[in-house]
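The values are calculated or read from the model by the stated rules, or taken from the named source; none is laboratory data. Fair warning: this is a prediction, and the values are worked out from it, not measured in the lab. Please note that ligands, DNA and RNA were not included when accessible areas were found on the heavy atoms of the full protein model with its side chains. Shrake-Rupley method; radii C 1.70, N 1.55, O 1.52, S 1.80 Å.
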Amino acid sequence: MKTLNIVSLLILILGGLNWLSIGLFEWDLVSKIFDGSDTVGAKIVYIIVGLSALYALTFLSKVNAED
């Protein structure tokens with residue numbers, strides 16, 4: 001389970017950095033890698049990042065329990 005938590009956080013960090021580059025520079029690394037944001041590969045990456053965010057919601061209860 002710890003490995004899944006680490007992988008999820010790493011995916012979220014990479015996704016967040018991609019959003020940062022979109023916001024600051026209007027440059028989307030995922031769409032550059034997959035030659036467009038509407039390609040199957042890019043959609044899979046976006047879905048994986050979204051699923052990681054949903055999984056990370058479970059971390060909130062763990063953080064609140066530590067207080």
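Summary table below
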{"quantity": "Under Karplus coefficients 6.51, -1.76 and 1.60, residue-wise ³J(HN,Hα) of segment 55-60 in Hz, glycine/proline x", "calculated": "5, 5, 4, 5, 5, 4"}
{"quantity": "Convex hull (Cα only) mean projected area of the chain, reported in nm² to one decimal", "calculated": "5.4 nm²"}
{"quantity": "Protein-only accessible surface order, largest first, of 32, 2 at 1.4 Å", "calculated": "2, 32"}
{"quantity": "Average accessible surface area per residue within the chain, 1.4 Å rolling probe, Å²", "calculated": "78 Å²"}
{"quantity": "Sequence-distant lysines (8 or more away, or on other chains) whose Cα lies within less than 27 Å of residue 2", "calculated": "43, 62"}
